[in-house]
Amino acid sequence: MRPSSFWILLILMSCFSTTLTAQCTQPIAIQSTLNTREPAAILSLIEQLQNCPKLQDSLALSYHVLGTVYYGSGALTKAIVATQTALVIRQQLQPKPLFHIAKSNHNLGVFYKNTAQWEKASQHFTTAKDIYDQLDTARVSKSYRELADIADRKGDATSNVQLLKIAIQKASYFGDTITLARCYLDLSSAFYNQGKYQATIQNAEFVQQLCQAYPDYDPRDLANCQINLGAAYYELQAYTSASFHYQKAIRLFEELEKQDELSKSWSNLSLVYLRQNKYDKALQAVEKALKIAQNINSPREISQSYNNLGEIYLAKKEFLKALHYYQQDANALIPQFDNADYKSYPNKTQLNLVANKIELLESFKDKARALELYHQTTRENSLLLQMLQTYECADYLVDLIRAEQNNQSSKLIWRENVVSMYEQAIQLCYSLKDTERAFYFFEKSKSILLLEGLLQAQALDVIPDSIA
């Protein structure tokens, strides 16, 4: 190369380097931009940082923060892409920023969990947990808690409890009282779902103690604690205590302006009043619950309110009103199904679309019970045929739930209630002299009883799913 050409190239490289340096934003400008939490501003910052090889850690941080901003606005796909980009950059840095790699993995776990991608969520939470464990940091308890939640959502009650207990140990060791309270709250919910109501109360009361002892507690945890206590006391038929805790939950949720939980609390309180034969108070409470649920367009809470109305009118022996509200309950849960006539039933395609299948199963059981009581009063045989249709829909739901929940031990939590449903269906078929359908329901019931027996014999590992 000739000397003149060399100097020209050197000058050009110098100018190019100066241009790159000028484009690099100072750390203080980076942090102030991220603090705005404005997507456009952060994207502009990212564009500048792309040209800064020495600021790749800041580039990763910008993508990471952008992911949290997108998540807060409900843009989950964008949140996942931004956080994945942050993770890729962080994994290439030397030395590896393990703590920040764990944070990106944890956030990806949260985002995938919110899109119901349980396996991907579990993988990222596990990676975060392993790194946090290696670094011996308090954040590990949060990752264990998230893994417990994934287990719960997948129907694995055993793993849920085991992981929560580890999370409790970690949170206690690091003095993370907020996570500790939430883990005990989750544990009380897990025990409630297993029908262990005294354990529910014991763990929920400990949450109350933590909230009273530490001023930085989250008031939502205390409110949810009242829900768990009210539910447990309700199941134990201690209705005065249940009413006390539900009313306390209502006051707390009103202060927090949590409309969905407020609707649920009024709905639960209505059932307490029903068990106390206070029908007027029960109706007032459930009407408040329904109004709130409709205002926020919450199908699940709308469904629960209609179901409670059905229960109240059934107790008052107003059977047609009860059946009307049970039908409304189903309408709220089943997509593409809206028929006010209690004699109408969804088809299998519509049942496949139901998100809350266990709730719908309970609704069908309640409707069958109402039809039976109505038949005892009127002796109309057409009501028995409607009962059979109801049980057939419920049976189809059982198969769908079985297919979705692969963990055998968790299936038994709801299957214990299904056995009695099949027994009632068998009795109905004998009344109708339909021996073929009676035998079918008998076989379904027998398979569930067999599974329970094998579970007690600790033989679940060799149980084929086909018998469940």
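The values are calculated or read from the model by the stated rules, or taken from the named source; none is laboratory data. Since this is a predicted model, take the numbers as computed values, not measurements. As a convention, Cβ positions derive from the backbone with ideal geometry for all residues, glycine included, and neighbour counts pool all protein chains shown.
Quick rundown of the values:
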read-out	value
Pick from the stretch 292-303, criterion aliphatic (A, V, I, L, M), under 20 Å from the mean Cα position of the chain (by Cα) and part of a helix (DSSP H, G or I), ranking: surrounded by the most Cβ atoms within 10 Å (Cβ to Cβ)	Ala293
Search result, residues across the stretch 162-181 that are under 16 Å from Ala151 (Cα atoms) and charged (D, E, K, R)	Lys165
Qualifying residue in the stretch 209-227 (condition: farther than 30 Å from Gln336 by Cα, touching a residue at least 12 places away in the same chain (Cβ under 8 Å) and of a type in the set (S, T, N, Q))	yes
Failed item in (1) of a type outside the set (Gly, Ala, Ser); (2) over 19 Å from the mean Cα position of the chain (by Cα); (3) within 18 Å of Tyr246 (Cα to Cα); (4) surrounded by fewer than 22 Cβ atoms within 10 Å (Cβ to Cβ), with Ile166 passing the rest	(3)
Every pair of residues 6+ apart whose Cβ atoms lie under 8 Å, when the first sits in the stretch 234-254 and is within 13 Å of Leu274 (Cα to Cα) while the second is outside any helix (DSSP H, G or I)	Tyr239/Gln276; Ser243/Gln276
Residue within the stretch 177-194 that is at pLDDT 95 or above, within 25 Å of Leu283 (Cβ to Cβ) and under 17 Å from the mean Cα position of the chain (by Cα) present	no
Candidate set from the stretch 235-251 (those that are in contact with a Phe, Trp or Tyr (Cβ under 6 Å, 6 or more places away or on another chain) and hydrophobic (A, V, I, L, M, F, W, C)); member that is nearest to Ser270 (Cα to Cα)	Ala242
Tabulated pairs, the stretch 414-437, first more than 14 Å from Thr390 (Cα to Cα) and in a loop (DSSP other than H, G, I, E, B), second at pLDDT below 95 and β-branched (Val, Ile, Thr), C-beta under 7 angstrom, 6+ apart or interchain	none
Only one of Ala102, Ala79, Ala138, Ala148 that is of a type in the set (A, V, I, L, M, F, W, C), closer than 30 Å to Leu164 by Cβ, in contact with a Gly (Cβ under 8 Å, 6 or more places away or on another chain) and assigned to a helix (DSSP H, G or I)	Ala79
For Gly155: the one exception among (1) out of contact with any Phe, Trp or Tyr (no Cβ under 7 Å at 6 or more places or on another chain); (2) more than 26 Å from His100 (Cα to Cα); (3) free of Cβ contacts under 8 Å to residues at least 60 places away in the same chain	(3)
Qualifying residue in the stretch 14-25 (condition: at pLDDT 90 or above and surrounded by 12 or more Cβ atoms within 10 Å (Cβ to Cβ))	no
Test: residue in the stretch 90-98 that is in a helix (DSSP H, G or I), at pLDDT 95 or above, surrounded by fewer than 17 Cβ atoms within 10 Å (Cβ to Cβ) and of a type in the set (D, E, K, R)	no
Members of the stretch 353-394 that are farther than 14 Å from Ile334 by Cβ and either touching a Lys or Arg at 6+ places or on another chain (Cβ under 6 Å) or polar (S, T, N, Q) (or both)	Gln376, Thr377, Thr378, Asn381, Ser382, Gln386, Gln389
Those helices (runs of 4 or more DSSP H) lying entirely in the stretch 304-379 with at least 2 residues of a type in the set (A, V, I, L, M, F, W, C) and within 28 Å of Gln276 (Cα to Cα)	319-333, 357-378
Selected residue [aromatic (Phe, Trp, Tyr) and crowded, with 16+ Cβ neighbours inside 10 Å] from Tyr279, Tyr326	Tyr326
Matching residues in the stretch 59-83 - criterion: being buried (at least 21 other Cβ atoms within 10 Å of the Cβ) and among the small types (Gly, Ala, Ser)	Ala60, Ser62, Gly67, Ala79, Ala82
Where Asp133 falls short, out of the listed (1) in contact with a Phe, Trp or Tyr (Cβ under 7 Å, 6 or more places away or on another chain); (2) part of a helix (DSSP H, G or I); (3) surrounded by fewer than 22 Cβ atoms within 10 Å (Cβ to Cβ); (4) not basic (Lys, Arg)	(1)
Which listed residue, of Lys317, Lys348, is at positive phi, among the charged types (D, E, K, R) and surrounded by fewer than 21 Cβ atoms within 10 Å (Cβ to Cβ)	Lys317
Helices (runs of 4 or more DSSP H) contained in the stretch 186-291 and holding at least 3 residues aromatic (Phe, Trp, Tyr)	239-256
The stretch 210-229, subset touching a Leu at 6+ places or on another chain (Cβ under 8 Å) and surrounded by 23 or more Cβ atoms within 10 Å (Cβ to Cβ), residue nearest to Phe191 (Cα to Cα)	Asn228
